[in-house]
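Colleague: Shown below is the structure under consideration.
Every number here is computed from the coordinates shown, using simple stated rules; none is lab data. None of the values given here were measured: they were computed from a predicted structure.
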Amino acid sequence: MKVWVFQGEMGAGKTTLIKAICEKLNILDPVSSPTFSIVNEYTSDQGDPVYHFDFYRIEDPVEALDMGIEEYFSSGNYCFVEWAEKIPMFLPDKFALIAIESDEVEKRNIAIKTINQ
């Protein structure tokens, strides 16, 4: 399962967690939030692409469809998605949901589960 949905309030640490995961995947590129570009593409040391989405700023889910979200999700490559609640109709049938809650400034609770729709 290579589509991972990251859920949490603004500032919960979604991008920070994605950066840490990308480090473990040996991503060669700098990892940053794609808030304005909607998607960033990174490359692993094996040459595999990893896609990082941030749908916070889209106003219409059709924008995701127009950018080819279905092709990204079916590519077989890792797709890390922030603010997926903006595009629920385009999520694949099966994905990992990583929910992040911040109790304190320095503490996070993370719950991970598989979603089968």
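Colleague: What's the percent breakdown of Cα-Cα distances in the chain across 5 Å bins, shortest bin first?
Modeller: Binned Cα distances yield the sequence 2, 11, 23, 25, 22, 13, 4, 1.
Colleague: Then there is this: Eight or more residues apart or on different chains, and alpha-carbon atoms under 23 Å: count the Lys pairs in the chain matching that.
Modeller: 21
Colleague: Evaluate the relative contact order of the stretch 1-60 (contact order divided by residue number), counting alpha-carbon pairs under 8 angstrom at least 6 apart; express in whole percent.
Modeller: 23
Colleague: Subtract the Cα-Cα distance of residue 16 and residue 44 from 0.36 nm times their separation in residues, and report this length gain in nm to one decimal.
Modeller: 8.3 nm
Colleague: Whole-Hz Karplus ³J(HN,Hα) for the stretch 68-78, in order, using 6.51 cos²θ - 1.76 cosθ + 1.60 and θ = phi - 60°, x for Gly and Pro?
Modeller: Karplus values, whole Hz, x for Gly and Pro: x, 4, 5, 5, 4, 5, 8, 6, x, 9, 4.
Colleague: Same structure, new question: Using the C-alpha gyration tensor of the stretch 51-105, what are the square roots of 5 times its eigenvalues, in whole angstrom, with the largest one first?
Modeller: 21, 15, 10
Colleague: Moving to a separate point now. Can you tell me the relative contact order of the chain? Whole percent, Cα pairs under 8 Å, sequence separation 6 or more.
Modeller: Over the chain, the number comes to 33 percent.
Colleague: With runs of 4+ DSSP H residues as the only contributors, calculate the mean residue ellipticity of the chain at 222 nm using -39,500 (n - 2.57) per run, divided by the residue total and rounded to the nearest 500.
Modeller: The helix-only estimate for the chain comes to -4500 deg cm²/dmol at 222 nm.
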